[in-house]
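Note sheet for the following structure.
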Amino acid sequence: MTRTFRTLWQKSSPGLFITTCVVFLAVCFIFIYPAVTSVDPLAQDIPHAFAPVGTAGHLLGTDNLGRDTFVRLVVGLRTELIVCAAGTLIAAIIGTLIGILAAYFRGVTDLALMRVVDIFLAFPHLVFAMLIVSLYGAGDLTVVAVCAIAFFPSFARLTYGEVLSLRQALYVESAELFGGSHWQIIRGPLLRGVGPLLLAQAFLTLAFAVGLESGLSFLGLGITPPRPSLGLMIASGQQYFTQDASQLLIPSITLVVLLVVLGYVADWVRDLLDPRGVTRRRRLRRGDAVTRTEVISLREEVGA
Amino acid sequence: MNALDETLLSVTDLTIAVAGTEVVHGVSFTVRPGEVVALVGESGAGKSMTAMAIPNLLPAGSERGGSIRFGGTELLELSESGMRRYRGGEIACVYQEPMTALNPLHTVGDFLTESIDAHGEGQGRRREPQELLDLVGLGSFDDLLQRYPHQISGGQRQRVMAAGAVAWDPKLLIADEPTTALDVTTQRNLLAMFRNLVKREQMAMIFVTHDMGVVADIADSVVVMRNGRVVEAGDVFSIFASPQHEYTRSLLSAARALHGSEPDAEAVPAQAPPVVVPPPAVAPAPAVAPAVALEVRDVVVEYRSTGRRRRSSGRKAAVQGASLSVARGQTLGIVGESGSGKSTIARAILGLAPVTGGSVSLAGTEMVGLRGRRRRQAMARLGVVFQDPTSSLDPSLPLWRIVTEPLWRSGRVRDARSLRARAGELLGDVGLDPTWIDRRRHELSGGQRQRVAIARAVSHEPDVLIADEPTSALDVTVQVTVLELLSRLQRTHNFACIFISHDLYVVSTISDRVVVMKDGRIVEDGSTDEVIHDPENEYTRTLLAAIPEPDPVVQRARRSALDEETDHTAGGHER
Amino acid sequence: MTRYLLLRLGLGIVTVWGVVTAVFLALHSVPGSPAQVILQGGAGGGDVDPAAVAALNKELGLDKPLLVQYVTYLGHLLTGDLGNSIKYSAPVTEIIAAPLGNTVMLVVLAVIIGGVIGLVFGILSGNWPGSVLDRIVSGLIAVAVSTPGFVIAIFLSLFVGLSLGWFPSIGYTAPTDDFGDFLYHAFLPSLALSFGFIAIIGRVTRTSVLSVRREDWVRTARGMGLSGGRVFRRHVFRNAVNPVVTVAGLQFGALLGATVLIEQVFNWPGIGSTLLNAINGRDYPLVQGIVIVFAVVFIVTSLLVDLLYPLLDPRVER
């Protein structure tokens, strides 16, 4: 355990490492807090509606029905994260399976599977989600299903492309030659090669899923009220903007921060796991001047 | 002719630093008008960097120090716009990878026009694209100007690049390994083209290369580099006849060894073990003929393009009716240029290429058409070493897993302890430290990786070892040691070996028999001695003639004799 | 070239067919007949009079076997008949014509605004990586790509629209009446829509420029003595732009989808709001029609992008 920590520390910049620790702690908090607090996210208290930020007992104030914003925020985040993570997980499993099978076995399987993927890829997620919700009604399970169906194509495409190029790699070919069965190869070098990308993509997709869900709940088609969700809070915040701007700003900023952080983690995961891994891609780090890896590849490329 | 005494280019104490790290340390040499200077060294020597420093085409973040004087002007003091006047004008360049050096979205005509338009009339007479093509021997090629780079061959692309480079009669042409990526016959023609340009245009050249044969062919003087420093410099004849520095001597010794010459009695092998043991002229006649381990008969390999039927007109088979055989303890060499089918035949034996006819029989078992578990069992008798030592090793596995892969993949040995022990033995066998079993691919050099690949290939005691260009990606000095290793292992394990290469001489150093392939067919088949000294086939003779000998006196005599036979400057139809 | 065209066209048709079938199946997979769902006001609504259900069934042709319904459905589609809206009692095609136009206008404006800004950002970032400019631009892009469209829309509408009053946040004038006023009202919504697009184009352009800059032919161009500007235009930009075009084309569908939320915020009479109202009103023929239109529009654009690509890159097989 300590060894993984140390390798993580060595491989990333301090800023990213700290950010990730903070994120990890925040996630723990989000899950633990609702269980230990006595504040009820659904409790209305109309006389105390629109209490300003910092009021005693209401850290972030209250909304139009006097419900505590802080608790609603945390509970809303938790629900959203659970639902979206579940959807992303299912999408990842289905998508990866399809991508690997299609790319490894080629032929008819390839054509059929990837055609289906393309059909789903063709569709704007929100519209599709709205269609499903209109038929099956809003609710947690619907959102999970929507996320799973909306995002599995991108996983499929990603794994497909990666496996296709990995198959050409000599060490995968040799594995076949040295007696590896299909399953061994898929389980071994292919999965290892695809792993880092998958993880990065999972975080990105989680971000998209949260975005999709908040859009849905903004339209009233996502997580059902009176349970809190960021989209719902933003919608009511917009409605009562003139009376209390903080009720719009707080959930909006939370949402943006959440998504930015998820994007950052995705980048970090990819940077961390990739250079050691399959392809020797040039590290195009955001905003960095020439890094050490680039120096090595620079020297190699001029043939010095 | 008094220009002979003037120095055209004078490099003094040149240092180059990339992102703060110095990679070239105090390099000095001179170039006279019309002189061809070879910058020689192995990978990492800094020769390309030095050459590219002159027109300042180094990657961003590089710093130069010292002095580069060109015709009286100090180049290091020039601004970017000042330098631009020289580039493409008096100093021009030709690069190593013709495919990526030309913009894929521009036609040949676009490229040449752009080279011409880059400078004004003041620099000389303005030429037309077609004229430039004539200069490089592509004059008779119809509608070349409308073609894109991916529609012409590698040799043609290099000629086009040279055409663009000479648009404004440069005084100095810098060529950065221009023939390294090409076939040897193409290289031969291109070297003739360069020589022609030098003579006709009174052009000086800096020719960067790692091939001592090329140096012997084209250079007037030589600068030997190693690890960013010049170790020796002088005129080509003296350097080859009496090299002073031990590194130069080991380079020459390795080059000669790979050319099948007798090892230099004087040469002190710096770190290289003795040169490859040449095969006996006559194999010791065994009482019983050694069992044939692998037999390939009339094999046909055809690739199907998607959507089209097989054997549609105009579709050539990759391999047509090839037959060969190897016995245990013997080595068979397969030689050919790109597209000859030599690698395809290896892939056919391994089951990686679509075999549409003939048979491949391994220790009596027919391999064609075999599938599933039976195939895997049969394959257990084969070992493989590929050309690229990097991509054939799994980057996420430790060495002990890599080197014992055939054992645990097939399920023969499962427990980690015996695998690790065996791995240690194997590493020792190939001259690597047995304590390295926990290292990973990225911690090893190219030569070391190839040794690991070889160790893996013999770990399961195969009957046949197939080595597909195992040394082509390695430095010359390293190549010799790897070949020696293969030889030794064969004596110990007594496997049959198939050695594939594009270099006939390299193959000859460890093979008993040699087979030459061209366009998918076997055109020559005989013992090494026969093929090298008394070839029957015209193509074999062409191949032998094209490989430059690392001896300037001999090489220059050879090439003038051959130049008289055919004019090799006019090309455009080679690969 | 024609082979390529036909192949792509064929694939496009197959994809449309796939989507259409998927929509059909989705509609008919809901427990209870669609008519029941309509009358109930959504899945799991209250009890409904069976006689009313039967009557509606007959009217919508839902009492026939599934396969027959499917074939009739397909037949109608081929003739361009998307059925009739229940709420408005008019052909779907009539209802969606004007709103579709409004939405497309938004998307076109967003593409223009976003494309130009995104390209500029990407070029600036890619050409000077690691500079202050690059860090700023990349940071902006990171935030823009993470912020959901509707949040941006809300903020634009409230701050720029209401508080600052530079542009209106509500209101609409038909383009045929007064095009200038139409643009004036369309500005904020299309700006909001373009943010995500800017971010993606900026990112792809940056990566593309960064990788093309390192290519060997750029060094060859410099080696010829060409000026920096010329090298950039002909050898970096021209080559870097290809993947950007592909990505941009593929983004069209995403943009179309994003309009739904933006239109909500700005009260823009586009197809998104029509869809939302149709869903809330259980007007299934209308919902179905709009979804199919979305799919077709998207597929047509990706077809166009597919056709464009060989023109841009001679290496692609025609």
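FYI, it's all coordinate maths here, none of it is from the lab. Being a predicted model, the structure only gives us computed values, none of them experimental. Using ideal geometry, Cβ is built from the backbone for each residue, glycine included, and neighbour counts are taken over all protein chains shown.
Report the calculated FRET efficiency for B:Ala378 and B:Glu443 (r = Cβ-Cβ distance, R0 = 35 Å), to the nearest 0.05. Result of the calculation: an efficiency of 0.50.
Rounded to 0.05, the FRET efficiency of the C:Leu183 and B:Thr180 pair, given R0 = 51 Å and the Cβ-Cβ distance, is 0.30. On C-alpha positions alone, give me the angle between the axis of helix B:416-429 and the longest principal axis of chain B, in degrees, nearest 10. That helix lies at roughly 60 degrees to the long axis. Each label was represented as a point 7 Å from its Cα along the Cα-to-Cβ direction; for B:His533 and B:Ala561 these points are 1.6 nm apart.
Express as a percent, rounded to the nearest 5, the fraction of DSSP beta bridges in the protein assembly as shown (both residues included) that run antiparallel. Mind dumping the intermediate values first?
Working: 47 of 84 bridges.
Taking every DSSP beta bridge within the protein assembly as shown, about 55 percent pair in antiparallel fashion.
From helices alone, chain B scores -10000 deg cm²/dmol at 222 nm; the rule is -39500 (n - 2.57) for each run of n ≥ 4 DSSP H residues, then divide by the residue total. Any idea what angle helix B:154-165 forms with the longest principal axis of chain B, computed on alpha-carbon atoms, 0 to 90 degrees, nearest 10? For helix B:154-165, the angle is close to 10 degrees.
Rounded to whole numbers, the Karplus 3J(HN,Hα) couplings from phi for segment B:433-445 are 6, x, 6, 7, 4, 9, 6, 10, 3, 6, 8, 10, 7 Hz, using 6.51 cos²θ - 1.76 cosθ + 1.60 with θ = phi - 60°, and x at Gly and Pro. The percentage of C-alpha pairs in segment A:151-210 whose separation is greater than 14 Å is 58%. The calculated Kirkwood hydrodynamic radius for segment B:427-481 is 12.1 Å, given to one decimal from all distinct C-alpha pairs.
Obtain the nm distance between the two label points defined at B:Glu128 and C:Leu164 by a simple spin-label model: each point lies 7 Å from its Cα along the Cα-to-C-beta direction. About 6.0 nm, to one decimal.
Relative to the dominant Cα principal axis of chain B, helix B:246-258 is inclined by about 60°.
Taking the beta-carbon count within 10 Å as an exposure proxy, list A:Ile90, B:Ile402, B:Ile437 from fewest neighbours to most.
Working: A:Ile90 17, B:Ile402 25, B:Ile437 22.
Going from least to most buried by this count: A:Ile90, B:Ile437, B:Ile402.
How much of the DSSP bridge set in segment B:149-252 is antiparallel, in percent, rounded to the nearest 5? Bridges in segment B:149-252 that DSSP calls antiparallel: roughly 55 percent. In this calculation the C-beta distance from B:Asn494 to B:Ser28 is compared with R0 = 45 Å, giving a FRET efficiency of 0.30.
What is the ratio of the Cα radius of gyration of segment C:170-289 to 2.2 N^0.38 Å, where N is its residue count, to two decimals? Intermediate results must be reported in sequence, preceding the final value.
Details: Rg = 21.2 Å, N = 120, 2.2 N^0.38 = 13.6 Å.
That works out to 1.56 for segment C:170-289.
Which of the DSSP-defined H helices in chain C satisfy a minimum axial length of 24 Å, computed from C-alpha atoms, and a minimum mean Kyte-Doolittle hydropathy of -1.0?
Working: long enough: C:2-29 (40 Å, 1.43); C:92-127 (49 Å, 1.91); C:179-213 (43 Å, 1.02); C:238-266 (39 Å, 1.09); C:284-312 (42 Å, 2.14).
Both cut-offs are met by C:2-29, C:92-127, C:179-213, C:238-266, C:284-312.
The calculated pair-distance distribution of the protein assembly as shown uses every alpha carbon pair, bins of 10 angstrom beginning at 0, and gives 2, 8, 15, 18, 18, 15, 11, 8, 4, 1, 0, 0 percent. In this rough spin-label picture, where each label sits 7 Å from Cα along the Cβ direction, the B:Asp142-B:Ala291 distance is 5.9 nm. Ratio of Rg to Rh for chain B: 0.99 [Cα atoms; Kirkwood radius as inverse mean 1/r over pairs].
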